Amino acid sequence: MRTPATKPTLIQGHGHFRGQNYENMKVIALCFLAWLASGRIRAGELTQYQQLGREIYKQLIETDTTHLTGDTTRAAELLARHFRNAGFSEADVQVVGPAPRNRNLVIRYRGESIQPPVILLAHLDVVEAKREDWSFDPFKFTERDGFFYGRGTSDDKDGAAAWTAALLRLHQEKFKPNRDVILALTAGEEAGADYDGAEWLLTNRHDLVKAELCLNADAGGPLIRRGKYLTYSVQAAEKVYQSFRLEVKGPGGHSSLPTRDNPIYHLAAGLVRLSQFEFPVRLNEITRGYFEKMSAIETGQTAVDMQAILKTPPDPRAFKRLSDSPVYNATLRTTAVATMLNAGHADNALPQTARATVNCRLLPDESPTELVKTLHHVLADDQIFITPLEPAKPSPASRLTPEIMRAIDQAKETVWPGLPVLPIMEAGATDGLFFRNQGIPTYGISGTAGDLDDIRAHGKDERVATKDFYDGLEFEYQLIKAIAGEIK
């Protein structure tokens with residue numbers, strides 16, 4: 001993939017840009033003038049801060065950071081140059097990680113030690129994207145019809161760009177926080193296992209990320225439906241990710257002599273039973289608060305059902321109706337779903353092996369041991385062997401403290417005044433779980449609005465509305481100021 005031109009960064013105390021050399025400045029200036037002349041934006045329409053955020057965003061999108069072909073280290077070094085050019089010391093700009101192409105960027109913005117440090121978290125890597133599957137080149141930053149397109153625009157290069165631009169702006173403004181602010185832009189969040197940069201940091205360089213709390217731009221944020229802003233969601237919990245291999249073995253043989261004891265049939269019958277099973281509903285503090293507030297936002301039968309499940313005793317019919325929504329179903333219970341199948345070795349031979357992968361998302365306090373027992377009971381076939389692919393990594397919920405809620409509300413009011421704040425449990429998984437497991441309360445606080453009817457993360461033509469990106473820039477800037485109050 002092509003490497004984007006290096007954008008000069010702001011000089012502290014000046015309203016100009018500084019490039020690494022004169023020729024780079026000329027190229028960037030010509031490109032920017034051509035961009036203005038294209039009619040997509042008029043001169044003066046963007047603030048200097050928005051221009052900086054947009055250019056960082058563009059650089060990140062146009063740097064391939066996929067697991068198979070990309071290089072997260074290149075993205076980390078690209079952003080590191082911005083901080084070095086802005087005057088950050090080498091000791092406060094660290095590019096470290098588990099592998100040559102999977103390194104993290106850790107920036108320390110030094111403040112007074114009145115309060116313990118806070119971590120600003122986002123990840124630099126993205127899932128794979130094939131050009132033939134997209135309407136645009138996924139690794140070219142494309143602006144069209146009020147949207148920014150590209151792999152990572154919503155997961156999670158918007159967050160990385162917003163944190164980076166906000167810290168550079170604060171540094172230029174000579175902001176003096178009451179605590180150290182640590183930016184951790186991680187590698188391997190999408191790949192996991194041995195490549196996860198957040199886990200590597202906490203295990204190998206804990207000194208760089210020792211903090212009291214963590215703000216994660218990879219979760220939460222404003223929610224939109226049909227053009228209307230509904231809530232600002234704060235992710236205080238996430239479900240636990242665990243996949244299992246289901247396997248059936250058999251002696252095989254010639255296909256002209258079929259037997260009833262066929263591994264494919266055993267596995268298929270077990271999977272059908274699993275598809276018809278629902279884990280029991282269990283509400284926790286976060287999901288109870290979620291449905292309580294959503295009942296005032298939703299309308300009609302859905303609102304009535306949300307109120308009904310909060311009563312004692314709850315209405316089982318309301319649980320059933322809410323479970324028809326994949327989002328609400330995932331919020332109510334643990335889930336298990338078949339995601340991959342593999343069986344047989346020839347079309348004229350009886351199968352000797354049949355395998356399936358089942359992905360489970362456990363409620364935060366669900367026991368992995370009890371989950372395995374439930375799977376055995378539901379599959380109801382002692383020939384189906386169940387093996388966990390990786391050990392489960394529990395992720396305890398973070399308590400919504402007055403400090404964090406005040407800071408979020410203060411920042412939110414500057415961008416989306418009056419928008420209600422809603423606690424949520426993420427159905428997916430983020431790097432936040434590693435920080436929670438270290439006893440660091442972690443909150444998903446993205447500034448980029450998500451459209452409930454147009455979720456494209458990990459999918460075709462991933463995009464973010466241009467207005468939502470610029471709103472996110474401002475929100476993250478305001479949030480840092482609120483959580484790390486300035487020393488006068």
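Only the coordinates and a few stated rules stand behind these numbers; no lab work does. Computed from a predicted model, the values in this text were never measured in an experiment. All Cβ positions, glycine included, derive from the backbone under ideal geometry; neighbour counts span all protein chains shown.
In the chain, the DSSP beta bridges split such that about 70 percent are antiparallel, to the nearest 5. Here the 3J(HN,Hα) profile of region 72-84, calculated from phi with Karplus coefficients 6.51, -1.76 and 1.60 at θ = phi - 60°, is 5, 4, 4, 5, 5, 5, 4, 6, 4, 4, 4, 6, 5 Hz, Gly and Pro shown as x. Lysine pairs in region 240-388 8 or more apart or on different chains: how many have alpha carbons under 23 angstrom apart? Taking region 240-388 as the scope, the lysine pair count is 4. Shape class of region 163-252 from the Cα gyration tensor (axes a ≥ b ≥ c, square roots of the eigenvalues): oblate, since a/c reaches 1.5 or more and a/b does not exceed b/c.
Going highest first, how would you order 206-217, 323-334 by mean Cβ packing within 10 Å?
The densest-packed peptide leads the list: 206-217, 323-334.
Checking [x] 80, 56, 46; [y] 68, 56, 46; [z] 96, 86, 37 against the coordinates, the calculated Cα extents along the principal axes in Å falls under label [x]. 3J(HN,Hα) along region 286-296: 6, 6, 5, x, 4, 5, 4, 6, 5, 5, 8 Hz, from the Karplus curve 6.51 cos²θ - 1.76 cosθ + 1.60 with θ = phi - 60°, whole Hz, x for Gly and Pro.
Near the amide H of ALA343, within less than 5 Å, lie the amide hydrogens of ARG355, all on another chain or at least 5 residues away, with H placed in the peptide plane. Highest-first packing order for the peptide set 284-290, 176-182 is 176-182, 284-290, based on the mean count of other beta carbon atoms within 10 Å.
Can you list the lysines whose alpha carbon sits under 30 Å from that of LYS130, skipping same-chain ones fewer than 8 residues off? Hits, sequence-local ones excluded: LYS7, LYS58, LYS140, LYS157, LYS239, LYS460, LYS467. Taken one residue at a time, the phi angles of region 210-226 give Karplus couplings (6.51, -1.76, 1.60, θ = phi - 60°) of 6, 7, 8, 8, 10, 10, 10, 7, 9, 7, x, x, x, 10, 10, 9, 6 Hz. Gly and Pro are set to x.
Calculated [222 nm] ellipticity per residue, helices only, for the chain: -10500 deg cm²/dmol; basis is -39500 (n - 2.57) per DSSP H run with n ≥ 4, divided by all residues, nearest 500. For LEU350, the residues whose amide H sits under 5 Å from its own are GLY253, HIS254, SER255, ignoring neighbours fewer than 5 places away on the same chain, with H placed 1.01 Å from N.
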